[in-house]
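What follows is a short report on a single structure.
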Amino acid sequence: MPQGEYMELHRKRYGVRMDQHERERKRDARAGRRRSEQARTLTGIKAKIYNKQRFKEKAAMKKAINMHFEKDKTAKVDDKVRDGAVPAYLLDREQQTRSKVLSNTLKQKRKEKAGKWDVPLPKVRAIAEDEMFKVVKTGKRQKKQWKRMVTKVTYVGEGFTRKPPKYERFIRPMGLRFKKAHVTHPELKTTFCLDIIGVKKNPSSQMFTSLGVITRGTVIEVNVSELGLVTNSGKVVWGKYAQVTNNPENDGCINAVLCV
Amino acid sequence: MASTDVAMDKGETTIIQFQSAEGEKAGPSLDIPLSSTPEQLTSLLNELLENDEPLPYAFFLSDSREEVTKSLKLAMKSVSVGKEKILSITFQPQSLFRVRSVTRCTSSLPGHEEAILTSAFSPDSKSLATGSGDTTVRCWNPESQLPDKTLRGHKQWVLAICFSPDALRLATASMDGSVRVWDPTLGEIIGKPLLGHKKWVTSLFWQPYHLSTKCTHLVSASKDNTLRIWNTAASTCYKVLAGHSAAVTCVRWSGENVIYSASQDRTIKVWDPQTGLVVRNISAHGHWINTMTLNTDYVLGCGAFPMLDEATGYIAKKLDAVVASRRYEDVKRKMVGGKERLITGSDDFTLIMWEDLANNLSKHAKPVTRMTGHQQLVNDVRYSPDGVYIASASFDKSVRLWDGASGKFLFTFRGHVGAVYRIVWSADARLLLSASKDSTCKVWEMRTRKLKSDLPGHSDEVYTVDWSIDGKRAVSAGKDKVVKIWHH
């Protein structure tokens, strides 16, 4: 590894050859011929590397040329009527509020009444109990096997206190407890980090639901009050359902899609 | 009535002197108990003034502008008055006519295919127009609550509409910068479209009726930093008012024959419509100015038609110029101070009160007061028709009430869960209607300082609201494309 810029230093000290620029010009002029010679004669791995390099250069060149054309183009006036009309007093504020605004379409209303949700993941793999729980051996001789440890991510409510060890059948490890989820709004295509309120349904088993286990496909309730959704009568909506789309136990985070 | 009260709580009395808003004393100074209620003061004052039939009044302590809402004692709590001093009490006559609060939706009118951005009742309350994002303006008949005419012609969203003071013409302005003037009864355009603005038009205002009964001139404010005065009879641009360095957000043609404009460049400019020159340039706000209101807004809005008047009942009969100008002067005189006042609301969360900008041309304009308290930008401000209150709507979800004379903070109306977009007063100044992002409208009562009625029904943000001059109905419309008419 060079420890300094020797070439530059040398050039500063002693200058360049008298014919430097002439030689550079000639080299540039010959560059095309040299490149075509290489393209024709190189074989094997060298040819592969050369072609890949050349492909990239050409793509960049094309991009640059297109950009120059774009500059000269006269843009046609777009006189189409745009969607999403807003009054004059909101026109200059659009950018600031857009990501927070959520539409309350009639379709959504109807769905809410029916109480049915098209969940984003209609079918998920069932999880057996022996995958979900690890047996914990207890007792002086380590021969009792009635204790279970949950191996998946869980949501544990705010005021939860663990039972005394004698009565605690299921252990939910602290390291796998989650309080927040990254929830994507499918219409807005924006993601918010929201508090989890509860686990509504774990499709694998009712017991998992009551334990608050969160796996892929679980429907959780999240706190959407900061999104500013409102009901018809002008009350703030704060709890909304979302379905988990990733495997939280593998990823270390919960990603979910809002059910609207 | 007063004598029995004296007997009940002993000693606690004070000497008061009634005076009118103009400062004229009414009756001798009186020794009355501190527990007197506004009702008792009203009956006392009616006796003193020898009114044939009892009139309603509101009372304020003259020095602190504290309103007497429950009893004199409560109002005096915040001010220390010596025993010997005479406490002067300003009385403000209230409108005889009571507008009944709107409580129910009588019709939801579909028709627009996009969000409705603006709405207005005509000055004679016989027509209602709404402008929408689907480029049409629709007229509705408020009596039968049926669609009337659809005015097609704009190429872009309709952002502003304004009825001429004689209610014969309707001006509309669009996102593409054009202004059109229509005959609302025929549904046809009058003259040619008024082209000239390079960007969208934010606000429209007609020349007040008492300045010219022909109702030909119209001023429009635009995003392209200019204002234009149009001669609608000839379909020409009469003057271009250039001078702002950012979008102009709001315009008012004052009854003093000057034009006020508020802009995002943080200045208020006063223009002379004859010459098209800036009379004065005022900067006091720290951020965009969003909205403006005059204490004579109501009388200007009434245009050629009489104000709400109990004695005759409401008859939409056209006035002539002399009567109109006399009425304007009359209304102005009755306002506190007897001068025109202007309130500006801004993105810097404050409101500023100005007095008599049109006539007092001293070099340095000094605001009467700066009203602080909002925690978010102020989107709308309105003077009550009698000039006693100012209401301001803000994105901090509250509507605040201020004293119309001193600008003192009076009350916060909380209840909306979203930003409040628009407010409108009822003609008798007793009720206030607010429209919000949270899809509801709410009616607030001034006397009790409480929510009078909640008007849910819209399924999305409410962008615009208006209350007719005759007080019979209100309209609201917004993103859910439905016009809703509200009745008592």
Problem - Ranked packing of B:260-267, A:186-193, A:152-159, B:151-158, most packed first, by mean Cβ within 10 Å - result: B:260-267, B:151-158, A:152-159, A:186-193
Handout entry: Neighbouring partner chain Cβ atoms per residue of B:435-441, average, 10 Å criterion
Key = 4
Practice task
Could you go through region B:106-119 in sequence order and give the Karplus-derived ³J(HN,Hα) for each residue, using 6.51 cos²θ - 1.76 cosθ + 1.60 with θ = phi - 60°, rounded to whole Hz, and x for Gly and Pro?
Solution key: 8, 7, 10, 9, x, x, 6, 9, 9, 3, 8, 9, 8, 8
Handout entry: Spatial separation of Cα centroids for region A:211-256 and region B:182-240, in angstrom
Key = 52 Å
Fill in the blank from the handout: Partner shielding of B:114-121, as the mean number of partner chain Cβ atoms within 10 Å, equals 3
Problem - A:Y241, A:Y167, reordered so the largest accessible area comes first (probe 1.4 Å) - result: A:Y167, A:Y241
Practice task
Could you give me the radius of gyration and the Dmax of region A:6-67, taking only the C-alpha atoms into account and expressing both in angstrom?
Solution key: 16.7, 43
Fill in the blank from the handout: Restricting to lysines and to Cα separations under 30 Å from A:K71, and discarding same-chain partners fewer than 8 apart, the set is A:K52, A:K56, A:K58, A:K62, A:K63, A:K80, B:K155, B:K198, B:K199, B:K223
Problem - region B:196-244: Rg to Rh, with Rh as the Kirkwood radius over Cα pairs - result: 0.98
Problem - Förster radius 22 Å - calculated FRET efficiency between B:T150 and B:S108, Cβ distance, rounded to 0.05 - result: 0.80
Exercise for the section: Enter the mean number of other protein chain beta carbons within 10 Å of the beta carbon of each residue in A:224-234, as an integer. Expected result: 5
Problem - Surface accessible to a 1.4 Å probe, A:E57 within the full protein complex, Å² - result: 80 Å²
Practice task
Report the full-extension gain for the segment B:K366 to B:E24: residue separation times 0.36 nm, less the Cα-Cα distance, to one decimal in nm.
Solution key: 120.4 nm
Problem - Burial order of peptide ranges B:184-190, B:87-93 (average beta-carbon count within 10 Å, highest first) - result: B:87-93, B:184-190
Exercise for the section: Would you mind getting the accessible area per residue of the protein assembly as shown, heavy atoms of the protein chains only, 1.4 Å probe, in Å²? Expected result: 51 Å²
Problem - Separation in nanometres of the label points that stand 7 Å from Cα toward Cβ, at A:D195 and B:L48 - result: 5.6 nm
Fill in the blank from the handout: Across all Cα atoms of chain B, Rg and the largest Cα-Cα distance (Dmax), in Å, are 22.7, 75
Exercise for the section: Enumerate the residues in region A:203-240 having an amide nitrogen under 19 Å from the point lying 7 Å beyond the Cα of A:K180 toward its Cβ. Expected result: A:214, A:220-228, A:239-240
Exercise for the section: Give the accessible area for B:T291 in Å² (nearest 10); use a 1.4 Å probe, count only protein heavy atoms, and leave out ligands, DNA and RNA. Expected result: 10 Å²
Completion exercise
Treating only Lys and Arg (+1) and Asp and Glu (-1) as charged, each at its beta carbon, one finds that the protein assembly as shown has a dipole about its Cα centre, in Debye to the nearest 20, of 6580 debye
Exercise for the section: Collect residues whose amide H, placed 1.01 Å from N in the peptide plane, falls under 5 Å from the amide H of B:G255; neighbours closer than 5 in sequence don't count. Expected result: none
Exercise for the section: Report the accessible area of B:S108, computed with a 1.4 Å probe over the heavy atoms of all protein chains in place, in Å² rounded to the nearest 10. Expected result: 60 Å²
Handout entry: Accessible area buried, both sides summed, chains A and B with 1.4 Å probe, Å²
Key = 2500 Å²
Completion exercise
Share of accessible surface on carbon and sulfur in the protein assembly as shown, whole %, 1.4 Å probe and ligands ignored, is 52 percent
Completion exercise
So the angle from the long Cα axis of helix B:38-49 to the longest Cα principal axis of chain B, reported in degrees to the nearest 10, equals 80 degrees
Fill in the blank from the handout: So, with points 7 Å from each Cα along the Cβ direction, the A:A126-B:A242 label distance in nm works out to 7.8 nm
Exercise for the section: Among A:N51, B:V240, B:I86, pick out the residue whose Cα is farthest towards the positive end of the charge dipole of the protein assembly as shown, where Lys and Arg carry +1 and Asp and Glu carry -1 on C-beta, about the Cα centre. Expected result: A:N51
Handout entry: Straight-distance crosslink candidates among lysines, where the alpha carbon sits under 21 Å from B:K397 and sequence neighbours closer than 8 are dropped
Key = A:K100, A:K235, B:K408, B:K437, B:K442, B:K450, B:K452, B:K479
Exercise for the section: Would you kindly give the portion of the calculated P(r) for region A:207-260 that falls above 16 Å, as a percent of all Cα pairs? Expected result: 49 percent
Exercise for the section: For region B:281-305, state which residues have at least 40 Å² less accessible area in the presence of all protein chains than in their chain by itself, taking the probe as 1.4 Å and leaving out ligands, DNA and RNA. Expected result: B:W288
Handout entry: Cubic angstrom per residue, convex hull over Cα atoms of the protein assembly as shown
Key = 347 Å³
Exercise for the section: Please provide three numbers in whole Å: the alpha-carbon extents of region B:400-474 along the principal axes, with the largest listed first. Expected result: 38, 29, 19
Completion exercise
Taking chain A, the whole-percent share of alpha-carbon pairs separated by over 22 angstrom is 74 percent
Exercise for the section: Treat each spin label as a single point 7 Å out from the Cα along the C-beta direction, and report the B:T275 to A:Q206 distance in nm. Expected result: 8.7 nm
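The values are calculated or read from the model by the stated rules, or taken from the named source; none is laboratory data. None of these values were measured; they are calculated from a predicted model. Ideal geometry is used to build each Cβ from the backbone, glycine not excepted, and the neighbour counts take in all protein chains shown. Only protein heavy atoms, including side chains, enter the accessible area calculation; ligands, DNA and RNA are left aside. Shrake-Rupley method; radii C 1.70, N 1.55, O 1.52, S 1.80 Å.
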